[in-house]
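Everything below concerns the one structure shown next.
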Amino acid sequence: MKTEKLTERFSQWIIETEEHPEMRLETLEKADELLNNPELMVQSDERRSHVADTLESWRYHLLKNQNANDPIRKKEFLEMLDLTANLISVRKNRTPRKATEVVHSRLILEDNYFTEEQIRNLITNSSKTKELSKRAQAITRSNFSNPEKSGKLKKRMSLYAPLYLSNYCINSCLYCGFRYSNELNRIHLEMPEVIQQAEILKENGFKNILLVAGDFPKLTSTNYFVEIIKELKNMDLNLSVEIAPMKIQSYEMLFSAGAKGITLYQETYNKEYYRIYHPKGTKSYYEWRLEGLERAAETGFQSLGLGILLGLTDPVEELISLIRHGLYIQSRFPDSLLSFSLPRIYEGPDDFKPAFYVDDNTFIRMYCVLRSIFPKSHLVLSTRESIPLRNKLADICITKMSAGSSTAPGGYESNRRNQKDRQQFPTTDNRSPLEVKEWLEKNDFEINWIE
């Protein structure tokens, strides 16, 4: 079946907007040739892969360019690149990605438990803390408990550990200890060091490992992560990654290697603040980052982690945007298993101070609202928070937490002192994994070390 030729449809747009239109037109001609030749589509896997990857790279460069004389035409062109690359790759047919549009819409919450105004009221009204906590606790126990023979319910808690691979980074995020301009002891783990760190975590009970790294393509390449995932999978570990957003072919490689989940926090959904906090580096490309979880889900990833960094902007508006994003992902990928995290900034580089303060009770109410809207999703809490608050939230609604964490590459060696010169951020709950395990068991939790 013949399709409309892309070169005919968009040639004038390309000539008017591209610096090297002849190269771009050649790419579209190759796409047209594939789309209009079924035999070529079947026979030329390598060629299809190359053209699809080129189209996605083209789209990536257009997304990072905020200037457009004709935004409507640009939007149409971006959707064409997206769907054409998908079609040439012979992936499942789908509609265009709409994450940016949805996050800034007021429509996504209409059919859900709370309206936007109700969410604002619940988060800002301190008198609602007890009521929300009670509701969230009941929902959590209904969805994350196992009955014992005695009839008593055991609350399930998943434990995981982050494994930091590299603190090299090309980005200039104002709040991050890894930012390019920081004076830092830069460390990049090679395979024997990664295996050593993984063995330490496994000895402490962990099988659920989150691989974390700064964005430094020369070192933290797709192939680097693929080789690590393959090696650690042989150690019977459940692996997720929290790294810079990738192209869809890279996500396919991670998934094929054995990774099970992708965590990608937007940090802030406010575009203006996003540009301020991310002035240089690839992380400054807002739309590319926002679409990252969709690209991962399209390749088969089902475990998807979302989050915002509290302290950057208005927490109420950020939570509403996070909820919109989560509901959109949930509706677009109904088999996905979502998780949500609300990390708070306590300490950053010396010249950075958080602009917005979120007190403990507001923090609790935010998690409780998430539990009401996403009753079966994991709510995640890191060791950034204090022991009393982590214990309290575990009893209310948290279902996944880290323990004994280090945010420095190579941080799980026997002598864990002097990590400040290489860590991303300091931890507050410094209990050992054994101490966290003992507290959970004492308080009637059933621990899941695997997922």
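The values are calculated or read from the model by the stated rules, or taken from the named source; none is laboratory data. Just so it is clear, the structure is predicted and the values come from calculations on it, not from any experiment. Backbone-built Cβ (ideal geometry, glycine too); neighbour counts: all protein chains shown.
Number of residues in region 65-99 that are surrounded by 13 or more Cβ atoms within 10 Å (Cβ to Cβ), in a helix (DSSP H, G or I) and at pLDDT below 90 equals 3. Looking across SER57, SER11, one residue alone is part of a helix (DSSP H, G or I), in contact (Cβ under 8 Å) with a residue 40 or more places away in the chain, surrounded by fewer than 17 Cβ atoms within 10 Å (Cβ to Cβ) and out of contact with any Lys or Arg (no Cβ under 6 Å at 6 or more places or on another chain). It is SER57.
Against the test of being touching a Pro at 6+ places or on another chain (Cβ under 8 Å), in a loop (DSSP other than H, G, I, E, B) and not polar (S, T, N, Q), the options LEU210, LEU174, LEU184, LEU165 yield a single qualifying residue, LEU174. If the condition is being of a type in the set (S, T, N, Q), more than 27 Å from SER284 (Cα to Cα) and either part of a loop (DSSP other than H, G, I, E, B) or touching a Ser or Thr at 6+ places or on another chain (Cβ under 6 Å) (or both), then region 215-245 contributes only ASN234. Within region 246-260, being outside any helix (DSSP H, G or I) and buried (at least 22 other Cβ atoms within 10 Å of the Cβ) holds for one residue alone: ALA259.
One line per residue, one yes/no per condition, for (1) of a type in the set (Gly, Ala, Ser); (2) touching a strand residue (DSSP E or B) at 6+ places or on another chain (Cβ under 7 Å); (3) at pLDDT below 95:
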position: LEU184; (1), (2), (3): no, no, yes
position: HIS188; (1), (2), (3): no, yes, no
position: PHE206; (1), (2), (3): no, yes, no
position: LEU211; (1), (2), (3): no, yes, no
position: VAL226; (1), (2), (3): no, no, no
position: MET235; (1), (2), (3): no, no, no
position: SER250; (1), (2), (3): yes, no, no
position: LYS260; (1), (2), (3): no, yes, no
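One line per residue, one yes/no per condition, for (1) among the polar types (S, T, N, Q); (2) out of contact with any strand residue (DSSP E or B) (no Cβ under 9 Å at 6 or more places or on another chain); (3) farther than 30 Å from TYR180 by Cα; (4) buried (at least 22 other Cβ atoms within 10 Å of the Cβ):
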| position | (1), (2), (3), (4) |
| --- | --- |
| PRO343 | no, no, no, no |
| PRO349 | no, yes, no, no |
| PHE356 | no, no, no, no |
| ASN361 | yes, yes, yes, no |
| ARG365 | no, yes, yes, yes |
| SER377 | yes, no, yes, yes |
| ILE398 | no, no, yes, yes |
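SER339: touching a residue at least 60 places away in the same chain (Cβ under 8 Å) and touching a His at 6+ places or on another chain (Cβ under 7 Å), yes or no? The answer is yes for SER339. Of all residues in region 145-162, those satisfying the criterion of being modelled with pLDDT under 95 and either under 30 Å from TYR274 (Cα atoms) or not in a strand (DSSP E or B) (or both) are GLU148, LYS149, SER150, GLY151, LYS152.
Residues in region 198-255 that are touching a Cys at 6+ places or on another chain (Cβ under 7 Å) and acidic (Asp, Glu): ASP215 alone. Filtering region 370-395 to residues that are touching a residue at least 24 places away in the same chain (Cβ under 8 Å) and assigned to a helix (DSSP H, G or I) leaves LEU370, ARG371, SER372, ILE373, ILE387, LEU389, ARG390, ASN391, LYS392, LEU393, ALA394, ASP395. Here LEU153 passes the criteria (1) in contact with a strand residue (DSSP E or B) (Cβ under 8 Å, 6 or more places away or on another chain); (2) surrounded by 20 or more Cβ atoms within 10 Å (Cβ to Cβ); (3) aliphatic (A, V, I, L, M) except the one numbered (2). Tell me, please, whether a residue that is in contact with a helix residue (DSSP H, G or I) (Cβ under 6 Å, 6 or more places away or on another chain), surrounded by 21 or more Cβ atoms within 10 Å (Cβ to Cβ), in contact (Cβ under 8 Å) with a residue 24 or more places away in the chain and closer than 30 Å to GLN196 by Cβ can be found in region 433-451. Looking for residues that are in contact with a helix residue (DSSP H, G or I) (Cβ under 6 Å, 6 or more places away or on another chain), surrounded by 21 or more Cβ atoms within 10 Å (Cβ to Cβ), in contact (Cβ under 8 Å) with a residue 24 or more places away in the chain and closer than 30 Å to GLN196 by Cβ, one finds none in region 433-451, hence no. Scanning region 274-283 for any residue that is under 18 Å from GLU318 (Cβ atoms), part of a loop (DSSP other than H, G, I, E, B) and at pLDDT 95 or above turns up at least one such residue. When GLU287, GLU318 are checked against the criterion of being assigned by TED's automatic domain parsing to the domain that holds SER172, surrounded by fewer than 19 Cβ atoms within 10 Å (Cβ to Cβ) and part of a helix (DSSP H, G or I), a single residue qualifies: GLU287.
From the residues in region 169-214 that are among the small types (Gly, Ala, Ser) and farther than 23 Å from PHE255 by Cα, which one is surrounded by the most Cβ atoms within 10 Å (Cβ to Cβ)? Looking at residues that are among the small types (Gly, Ala, Ser) and farther than 23 Å from PHE255 by Cα, I get GLY177. Scanning region 18-51 for residues that are in a helix (DSSP H, G or I), surrounded by 12 or more Cβ atoms within 10 Å (Cβ to Cβ) and either under 32 Å from the mean Cα position of the chain (by Cα) or small (Gly, Ala, Ser) (or both) returns ARG24, THR27, LEU28, ALA31, ARG47, ARG48, SER49, HIS50, VAL51.
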